[in-house]
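J.: So that we are looking at the same thing, I have put the structure below in structure tokens.
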Amino acid sequence: MLKIQTFTFNPFQENTYVISDSEGHAAIVDPGNYETRENQKLVDYIREENLKPELLLNTHCHIDHVLGNAFVKRTFGISLWIHEQESAVLNSAKVFAPNYGFAGYESAEPDGYLTENQIIQIGSERLKVIFVPGHAPGHVVFYHEASQQCIGGDTLFRGSIGRTDLPGGNHDLLLEKIKSELFTLPEKTVVFPGHGPTTTIGFEKEHNPFVGKNARF
């Protein structure tokens, strides 16, 4: 059984996820923790639940999703995995960080690269890597078929989609990939987004104003 714990960190109200199996094997996805209290909140949860972090995963590498990468790597001694097309985005984070008020940002280098349709093993659970660029050039989504849950990063939100006006963004590509990759998942699939509340594939196919059946934009 896969458990997904949500933390909302930093001024961008970014959702950080800790995913774990029934034996405590765990992965940390998109750590947005920056302040000391946020770091401590993450560590406290992992210790209290007796989790064993084994992987650090980024859906994409915009600054609000990578603020805690270095802290997580150092604290838990785990490797960072991103899509190779996010390398330039990750490298640019240290340049943009002070402009967003994160003068103390510490960069972290990836240890490996995720590939489309790759299967990631977290203890007894399997996550599929789905490639959904558009918000960012190397954006991926992590899908757990057994429980019909996915960590969607900044692709699909409740009633919205990821912005595409940042460097490397592509509006038409994001719309296409949401429809061809995410909307082919079961309608009951729960989407855990990079910001805001969870949603389902079925709800967004019905109601999303950008990609739903009555899209207005």
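The values are calculated or read from the model by the stated rules, or taken from the named source; none is laboratory data. This one's a predicted model, so the numbers in the text were calculated from it and none came from an experiment. Quick reminder, even Gly has a Cβ in these numbers, built from the backbone with ideal geometry, and neighbours come from all protein chains shown. Protein only, heavy atoms only, side chains kept; ligands, DNA and RNA dropped before computing areas. Shrake-Rupley method; radii C 1.70, N 1.55, O 1.52, S 1.80 Å.
J.: Residue check: is Phe96 open to solvent by 60 Å² or more (accessible area, probe 1.4 Å) and either in a helix (DSSP H, G or I) or in contact with a helix residue (DSSP H, G or I) (Cβ under 8 Å, 6 or more places away or on another chain) (or both)?
T.: Considered against the rule, which asks whether it is open to solvent by 60 Å² or more (accessible area, probe 1.4 Å) and either in a helix (DSSP H, G or I) or in contact with a helix residue (DSSP H, G or I) (Cβ under 8 Å, 6 or more places away or on another chain) (or both), Phe96 comes out as yes.
J.: Hey, can you tell me all the residues within the stretch 38-70 that are among the hydrophobic types (A, V, I, L, M, F, W, C) and under 17 Å from the mean Cα position of the chain (by Cα)?
T.: Scanning the stretch 38-70 gives Leu42, Leu55, Leu56, Leu57, Cys61, Ile63, Val66, Leu67, Ala70.
J.: Anything in the stretch 1-49 that is within 24 Å of Leu127 (Cα to Cα), polar (S, T, N, Q) and crowded, with 20+ Cβ neighbours inside 10 Å? List them, or say none.
T.: Asn15, Thr16, Ser20, Asn33
J.: Go through (1) free of Cβ contacts under 8 Å to residues at least 60 places away in the same chain; (2) in a helix (DSSP H, G or I); (3) under 20 Å from Pro167 (Cα atoms) and name the single condition Val89 misses.
T.: (1)
J.: Output yes when any residue across the stretch 54-67 is more than 26 Å from Pro133 (Cα to Cα) and either part of a helix (DSSP H, G or I) or of a type outside the set (D, E, K, R) (or both), and no when none is.
T.: Checked the stretch 54-67: no residue is more than 26 Å from Pro133 (Cα to Cα) and either part of a helix (DSSP H, G or I) or of a type outside the set (D, E, K, R) (or both).
J.: Collect the residues in the stretch 153-183 that are in contact with a Leu (Cβ under 7 Å, 6 or more places away or on another chain) and among the small types (Gly, Ala, Ser), keeping them in residue-number order.
T.: Within the stretch 153-183, Gly162 is the sole residue that qualifies.
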